[in-house]
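To start, the structure itself, in structure tokens.
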Amino acid sequence: MDIVSIKALARSVIYKHLSLSFLYPDLEFYELLKNRMFIKRIRDASTLLKNGKELEKGLRMLEENVKNLTFTSLQAEHRVIFSNIPSNECPPYEAEYGTAHIHQKTKELADVSGFYKAFGLNPSNKIGERFDHISVEFEYMHFLTYGEAYARDKNDANMVEIYVSTQRKFVEEHIGKWVPVFLRLLKKKARKGFYNALVVFASDFVSYEISLLGVNPEEVGKPEISSLAMEDECFSCGSCG
């Protein structure tokens, strides 16, 4: 596997771990943090990226915050920040940003799901979140970057182009438009602890991705919560590991 393939795989690892990080923490995720495998994997991946040192500040903060973290405190921290009912403080759902009208939100959800369906990704209850949730969108990027790495390793230029162009389009039209806004709002609410450190790392990584892919997303406005019904299922990329 050449260096370009390895970098795509490294990005895939980071996206996968970020995807896990914003979900309600279960015991498996907590143990991943406490046994240092979470930090080790994303640090190892970061070192393979050009300008990967830019991610070091967030990594150090995460490492420091995990030391005295308990399972109970991690879950409590998540509950305080992300209640069961979305608020306009920092909802982790793309369609709640900058689209006040219910029809606009529905259109945004349809556009996101269209990206997933283009690769034959089927609805799944594994994550249990709406498919515009930040974890589902990050998992989709995990799928795309993993696919890029595999296609490069197999010298399949056509599939490489498909995976890379889809990454650019998805970051420019979705992740790059709302995730930076979400992370800034999250930092205001999570002033300390694990999620504060997570914001620093995730913000630096998303900035890195925008620069790497050469896109110029136009950020959306702050959240405007509507009565948009929560979906029971999401389009998950869980099958890709």
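Residues in segment 117-132 that are surrounded by fewer than 23 Cβ atoms within 10 Å (Cβ to Cβ) and either part of a helix (DSSP H, G or I) or modelled with pLDDT of 90 or more (or both): Lys117, Ala118, Phe119, Gly120. Do we find that Thr106 is more than 19 Å from the chain's Cα centre (by Cα), at pLDDT below 95 and surrounded by 19 or more Cβ atoms within 10 Å (Cβ to Cβ) in this structure? Criteria not met by Thr106.
Name the single residue, out of those in segment 155-192 being outside any helix (DSSP H, G or I) and modelled with pLDDT of 95 or more, that is farthest from Pro92 (Cα to Cα). Ranking the qualifying residues of segment 155-192, first place goes to Asn155. When segment 55-80 is filtered for residues that are among the aliphatic types (A, V, I, L, M) and surrounded by 14 or more Cβ atoms within 10 Å (Cβ to Cβ), the ones remaining, listed by number, are Leu55, Leu59, Met61, Leu62, Val66, Leu69, Leu74.
Checking each residue in segment 1-37 for being more than 22 Å from Ala190 (Cα to Cα), among the polar types (S, T, N, Q) and touching a helix residue (DSSP H, G or I) at 6+ places or on another chain (Cβ under 9 Å) picks out Ser5, Ser12.
Quick check, is Ser5 among the hydroxyl-bearing types (Ser, Thr, Tyr) and outside any loop (DSSP other than H, G, I, E, B)? When the stated conditions are applied, Ser5 passes them. Considering Leu32, Leu23, the condition of being touching a residue at least 12 places away in the same chain (Cβ under 8 Å), over 30 Å from Glu173 (Cα atoms) and within 19 Å of the chain's Cα centre (by Cα) is satisfied by Leu32 alone.
Within segment 86-103, the set of residues being farther than 17 Å from Leu23 by Cβ, assigned to a loop (DSSP other than H, G, I, E, B) and either modelled with pLDDT under 75 or aromatic (Phe, Trp, Tyr) (or both) comprises Ser87, Asn88, Thr99, Ala100, His101. Only a single item in (1) outside any loop (DSSP other than H, G, I, E, B); (2) of a type in the set (D, E, K, R); (3) at pLDDT below 95 is not met by Lys50, and it is number (1).
The values are calculated or read from the model by the stated rules, or taken from the named source; none is laboratory data. All figures in this text were calculated on a predicted structure; none of them were measured in a lab. Heads up, the Cβs are rebuilt from the backbone with ideal geometry, glycines too, and the neighbour counts pull from every protein chain shown.
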